[in-house]
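No lab work stands behind these numbers, since they all come straight from the coordinates. None of these values were measured; they are calculated from a predicted model. Backbone-built Cβ (ideal geometry, glycine too); neighbour counts: all protein chains shown.
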Amino acid sequence: MTSACETAPQEYASFEEYPYYEGDDLGVTYSQEGSIFKLWSPPAYEVKLRIYREGSGGEPLVEQNMDRGLKGVWETKIVGDLNGNYYTYQVNIKREWLKEVTGPYARAVGVNGKRAMVISLPETNPEGWENDQRPPLQNLTDIIIYELHVRDLSTHPNSGISHKGKFLGLTESGTKSPEGESTGLDHIKELGVTHVHLLPSFDFKSIDETALHQNKFNWGYDPQNYNVPEGSYSTNPNDGATRVNEFKKMVQILHQNDLRVIMDVVYNHTGDTELSNFNQLVPGYYYRQDSTGGFSDASACGNETASERAMMRKFMVESVKYWATEYHIDGFRFDLMGIHDIETMNLITQELEKIDPTIFVYGEGWTAGDSPLPLERRAIKHNTVNLSKVAAFSDDLRDGIKGHWSDHEDQGFASGKPGLEESVKFGVVASTYHPQINYKVVNYSNAPWANQPYQTINYVSCHDNHTLLDKLAISNKEASEEELIRMHKLSMAIVLTSQGIPFLHAGVELLRTKQGEENSYKSHDTINQIDWSRKAQYKPVFEFYRDLISLRKNHPAFRMPHVDMINQHLKFLEFSQPNMVGYMINNNANGDEYRNILVLFNGSNEERAVQIPEGNWKLISDSEHINEEGLRNISGTQLKIPAVSAYILAET
Ligand code: CA
């Protein structure tokens, strides 16, 4: 049976003809007197709003048809104070009712994200939130990123953290391992990074929030409600306000500890396809289609979104603006950014710039499968030159250092493979143009792809694939632990002295292992968690990384903000032997108190005697220890660099 009040909507020949709604009030606008609900769905015949007391279960308190307005928007007003009540939308398309859903603009939800909640956001602010400040940041090249999963920091029994697996676990100070080493927040501070990048912390689908005692783990790359924090990381997913409040508390405490906060955002696909919020409200519109009209799949997760369509683009722009303003988020890491179009990414940075010019945007400059979006429109790595204030991950340096990510036995510069010197040099100059680089032999790029150093994320490992230690162990089966540690330290020394923005996989500073597991996206905590006892066990490694970070922070020559400055001050040395890379940064670059700096990487298994420029050099790092005042003086122009090591020298 069809109801009497439904009317067929206007017919549209394509999704591109759907009307654009420019208002910023989609979802719900709350006040104590009443709430206004608005939903965009041009093809709908009819739309129902239901109000519930609870986030799950029970009968609706109100069930009401919404009115068709202009530009495809449906609206209705409910009088009275609805704060804390839940709601759903349901859309009738071609005389068929689709599923009840929260809608993409939901800002709070009930357990498992099935119903949206009407929320008075100011009431979720922790005490002092109005005084919350982003920690100071002068240049984007001053950033040092620490990529962390919320659960990994705290779930190990030896973390000393009480709120295990929760946002609040990141707020605990004074926590210690059984060996007496600082853990959690204090540890991150001790390490000295500037930004904590959280793996997906918006509401995702894979964890059943009604069964948290099962302690299931997932990375969270299966978005459900984009503008809502994940429920399983809160202390009470049944109350929609708790996760909002606790997320803000986490940001506030991190800010108070001089750490900025980056969100991993996954607008490129949704966890559900047919049944997603997007698709149950405006079927097909938010997604790209393949040649048969089905869902195209550049994400390899069953669908890909269509950022080039006006209302999807608008949704992405408004969503990041919302996180930056309501939650004071300081940066965004775009998952599979190559699925998005360049215009959308540039619009996002343009809008974020208005909120705060130091908000940082970067992403994976690739897709996981082919896309109908033409290559020249994609926000892929090789199009970074057309992106404004957007950085991309350098897989060139990553695989140059440690070997190919999917060829597990493949070795890299740090494990003695020759022929990767130009890929390392490419990383040293942050993928920009430098006259001494032979781009023809750089790993995956035959030209510079960054205009400026802040457009490159230099890294050697992240949550994806093997940890650095596991990769080195698998590809160097004969190597002793001591030899693996030397390769590990050389790898990280390259990342932490190069121009551009260094990025650390959390726990790398404790020689993190996942016991050889490559894809731990839903593995048990015991595989994924940081084992804090390794801090005492590998203390010299931790101290070396801490001191490298300190060196970088104290010496602006390692983080030059402009490509011209790099070209003016950074010169590579020429070596006749393979597996050697060296360069000098001269003339107090970027205001550095060191007049000249010499950085030498020996990736070979042999000691190398090299010629160095004349000068009153002090040895700052011998790959074991770092002393910014100098470990010892170096005389003469001959220097022996031990196998698999990084030497740093300076002249004052
Ligand atoms: Ca969830």
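If a spin label sat at a point 7 angstrom from the Cα of Lys77 along the line to its beta carbon, the backbone N atoms of the stretch 29-53 nearer than 20 Å would be those of 29-40, 47-51. Principal-axis analysis of the Cα atoms of the chain puts helix 539-554 at an angle of about 80° to the longest axis.
This model, with +1 at the C-beta of Lys and Arg and -1 at the C-beta of Asp and Glu, gives the stretch 120-255 a dipole about its Cα centre of some 140 debye. When peptides 465-473, 137-145 are ranked by their average number of other Cβ atoms within 10 Å per residue, the highest-first order is 465-473, 137-145. Charging the Cβ of each Asp and Glu at -1 and of each Lys and Arg at +1, and nothing else, the dipole of the chain about its Cα centre rounds to 340 debye. Restricting the stretch 101-169 to GluC sites (Glu not before Pro) that sit in a DSSP loop and have at most 14 other Cβ atoms within 10 Å of their own Cβ leaves Glu127. Take the alpha carbon gyration tensor of the stretch 563-651, find the square roots of its eigenvalues, order them as a ≥ b ≥ c, and report rounded if a/c is under 1.5; if not, report prolate when a/b exceeds b/c, else oblate. Since a/c reaches 1.5 but b/c is at least a/b, the shape of the stretch 563-651 is classed as oblate. Placing R0 at 45 angstrom, the Cβ-Cβ distance between Asp132 and Ile474 gives a FRET efficiency of 0.55 after rounding to 0.05. The distance between label points at Asn257 and Glu16 comes to 5.0 nm (points 7 Å beyond Cα on the Cα→Cβ vector). Counting only alpha carbon atoms, the long axis of helix 481-497 and the longest principal axis of the chain meet at about 70°. Taking each residue as 0.36 nm, the span from Asn125 to Ile355 lengthens on full extension beyond its C-alpha to C-alpha distance by 80.9 nm. Remark: the stretch 15-124 carries a charge dipole of roughly 320 debye about the Cα centre, counting +1 on each Lys and Arg Cβ and -1 on each Asp and Glu Cβ. Applying a DSSP loop filter and a limit of 11 other Cβ atoms within 10 Å to the GluC sites (Glu not before Pro) in the stretch 1-105 leaves Glu11, Glu22, Glu33. Look at the dipole of the stretch 15-124 built from charges on Cβ: of Gly27, Thr124, Val91, the Cα furthest out on the positive end belongs to Val91. Of the cross-linked pairs Lys71/Lys314; Lys189/Lys535; Lys321/Lys354; Lys321/Lys522, those separated by over 18 Å at the C-alpha level are Lys321/Lys522. Hey, what did the stretch 563-651 get for relative contact order, percent, Cα under 8 Å, at least 6 apart? Here the relative contact order equals 29 percent. Each of Gly630, Leu484, Val460 was placed along the dipole of the chain (beta-carbon charges, centred on the mean Cα), and the one lying farthest toward the positive end is Gly630. Does the chain classify as rounded, prolate or oblate by the C-alpha gyration tensor (a ≥ b ≥ c root eigenvalues; a/c under 1.5 gives rounded; else a/b over b/c gives prolate, otherwise oblate)? It is prolate, given that a/c is not under 1.5 and a/b is the larger ratio. Our estimate of slack between Leu61 and Glu606, defined as 0.36 nm per intervening residue step minus the Cα-Cα distance, is 188.6 nm.
Computed on the chain, with alpha-carbon pairs under 8 angstrom and 6+ residues apart, the relative contact order is 10 percent.
Under 15 Å of direct C-alpha separation, and excluding same-chain neighbours fewer than eight residues apart, Lys618 reaches these aspartates and glutamates: Glu593, Glu628, Glu629, Glu651. Here's the picture: charge each Lys and Arg Cβ at +1 and each Asp and Glu Cβ at -1 in the chain, and of Phe575, Thr432, Phe37 the one pushed furthest to the positive end of that dipole is Phe575. Cβ crowding within 10 Å, taken as a proxy for footprinting-reagent exposure, orders Glu179, Glu172, Glu209, Glu190 from fewest neighbours to most as Glu179, Glu190, Glu172, Glu209. Multiplying the residue separation of Tyr439 and Glu376 by 0.36 nm and removing their Cα-Cα distance gives an extension gain of 20.6 nm.
Please tell me the relative contact order of the stretch 80-187 in percent, rounded to the nearest whole number, where contacts are Cα pairs under 8 Å and at least six residues apart. Once divided by the residue count of the stretch 80-187, the mean separation gives 15 percent.
The amide H of Lys514, built 1.01 Å from its N in the peptide plane, has Thr467, Asp470 as neighbours under 5 Å, considering only residues 5 or more places off or on other chains.
Under the rule a/c < 1.5 gives rounded, and otherwise a/b versus b/c splits prolate from oblate, where does the stretch 4-157 land using the Cα gyration tensor? Prolate shape, in that a/c is at least 1.5 and a/b is the bigger ratio. Where does the charge balance sit around Leu420 when Lys and Arg score +1, Asp and Glu -1, over other residues with C-beta under 11 Å from its C-beta? Summing Lys/Arg as +1 and Asp/Glu as -1 gives -2.
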